[in-house]
1. If a cysteine in the chain has no other Cys Cβ under 4.7 Å from its own Cβ, put it on the list, ordered by number.
2. For SER525 and MET138, what does the FRET efficiency come to when R0 = 60 Å and r is the distance between their Cβ atoms, rounded to the nearest 0.05?
3. What FRET efficiency comes out for GLU289 versus LYS206 if R0 is 35 angstrom and r is the Cβ-Cβ distance? Round to the nearest 0.05.
4. Amide H neighbours of VAL95 under 5 Å, counting only residues 5+ apart in sequence or on other chains, H built in-plane at 1.01 Å?
5. Which lysines have a Cα less than 25 Å from the Cα of LYS78, not counting those fewer than 8 places away in the same chain?
6. Kindly work out what percent of the DSSP beta bridges joining two residues of the chain are antiparallel, to the nearest 5.
7. Rounded to the nearest 500 deg cm²/dmol, what is the calculated helix-only ellipticity per residue at 222 nm for the chain, with -39500 (n - 2.57) per DSSP H run of length n ≥ 4?
8. Identify, among GLY479, SER304, MET373, the residue whose Cα sits farthest towards the positive end of the charge dipole of the chain, taking +1 on the Cβ of Lys and Arg and -1 on the Cβ of Asp and Glu, with the dipole about the Cα centre.
Amino acid sequence: MNVLLLYPRFPKSFWSFEKTIELMGRKALIPPLGLITVAAILPQEWNYKLVDLNVREVTEAEWSWSEMVICSAMIVQKPDLLAQIQEAKRRGKRVAVGGPYATALPHEVTQVGADYLILDEGELTIPLFVEAINQGQMSGIFRAPNGERPDVTSTPVPRFELLEFDAYAEMSVQFSRGCPFQCEFCDIIVLYGRKPRTKAPAQLLKELDYLYELGWRRSIFMVDDNFIGNKRNVKLLLKELLPWMIEHKYPFSFATEASVDLAGDQELMDMMVKCNFGAVFLGIETPDEESLALTQKHQNTRSSLSEAVNNITKSGIRVMAGFIIGFDGEKTGAGNRIVKFVEQTDIPTAVFSMLQALPDTALWHRLTKEGRMRVEGANINQTTLMNFVPTRPLEEIACEYMDAFDELYEPSKFLDRTYRHFLTLGTATYPDKGKGRKKPFSWVVLRALLIICWRQGVVRSTRWQFWRNLWSMQQINPGGVGSYLGVCAQIEHFLEYRGIVRREIGTQLAEFLAEEARLKVAEASVEKVAVAETAA
Ligand code: SF4
């Protein structure tokens, strides 16, 4: 069987980082780890080709070669996923679909003609799909029996060799699935449960061995939903990872996602730094405690959030953080409070979005019960209006959102925030880190450096600030200059993206307000007719 694994396009989003990726000479941020894991679980005697549409188009030869097309997608990839299913069907292919979007809203996928739905986690449902194929079934929906979740200790090493390595800014691996917390808006716990399941340390090292053997020598994103969901097991991993990193002369750096309670475990942070974890994404959401309590993000209310950010940064791990506006009961000015918090804590990369109720989450169920869902189905990203009726006016939230985005990514503020962050980050280094490893000269890096210096050090009005900060960084923390410039380069993306946010949210808001006005007029005329009829 010839299988074409197809990964749909992402819309332009905060996370797509097009401009920055382009600067680095890459095509996409991270590869589709799910699809290469699927390829490892499916029968190994089948043939596989993978096309990430964020990297390139499918060739005619690939379409002709394939007998079956398998797609996997997240909710934000919905438009392109549906288009790809239709294209594959038009070409007479059998189509199987899995991943978070199909699992959450299977009917939307079957409506456009997918033949097989491989839902929930592949370790349990792919064998059911293969059995159906072997029996000659032409369609089917495969779900985990009794809502079971697989033990990931038997998940095979992903088929990394199917990837075009040069296209990606970072590689991705996964150690755990699930998260012990219960944030009301979170779909991770719906998809993967609240009991974190981890791989065995030796299993993950085998994946790193394979990446090393294939020649990967750059950054790796540990795509766990919450890397520290099971602290005991993560420490066991780090204990075995450290000698591996030393033996291989630190070939990779790591980044990951974690809950804020990371800040309370100095031993864990030190172990991560020693293993070359350079950055962590934290879900801070909002500095408003009432909102955090209401959304059940209690872990963020147990100690000071700004101290937590400071502790992690001081330990040597760069902090990226996510923020959300539009929680129930939220008071006017939430956008400003978020900007103030980001400025006070010097977080360079702050991901900001309006609250959305994702399918099947606790929030979605509550809002549905309260009759507050505004939009059916899912077309959700950072440039769509909230899909439910909030407790304060939607236009107020949308305007605060657009203004806060503008302010967060005002070039001068971003440059200074990044500079201050790298000062706090300090020079946490360990004796063995990188020792003996020569970084090969790279034209791509040199080209990126020259472009950053041209755009930020010559063209833009913040040029003096750029050179002053860079000179000072070179004096204080010369070892951190490379990654400092890497973060400075992100403003190229943010400047473009904040324009997109204002344009798209502004357009949808105008349509929403016009619709509201139309409804009011219609209601008023219905009332008038009713009064006239009563009078008659
Ligand atoms: S901490 Fe993050 S992953 Fe865990 S439940 Fe909350 S939002 Fe979801």
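The values are calculated or read from the model by the stated rules, or taken from the named source; none is laboratory data. This is a predicted model, so every value here is computed, not measured. Neighbour counts are summed over all protein chains in view; Cβ atoms, including those assigned to glycine, are modelled from backbone coordinates with ideal geometry. Please note that ligands, DNA and RNA were not included when accessible areas were found on the heavy atoms of the full protein model with its side chains. Shrake-Rupley method; radii C 1.70, N 1.55, O 1.52, S 1.80 Å.
1. For the chain, the answer is CYS71, CYS179, CYS275, CYS399, CYS453, CYS488, because their Cβ atoms have no other cysteine Cβ under 4.7 Å.
2. Numbers: r = 53 Å, r/R0 = 0.89.
Step by step, r from the Cβ atoms, then E = 0.65.
3. Working: r = 44 Å, r/R0 = 1.25.
The pair GLU289/LYS206 has a calculated efficiency of 0.20.
4. HN-HN under 5 Å from VAL95: VAL69, ASP115, TYR116.
5. LYS12, LYS19, LYS27, LYS49, LYS89, LYS93
6. Details: 3 of 49 bridges.
Of those bridges, close to 5 percent are antiparallel.
7. Values: 21 runs with 246 residues, N = 536.
Theoretical 222 nm ellipticity from helices: -14000 deg cm²/dmol.
8. GLY479
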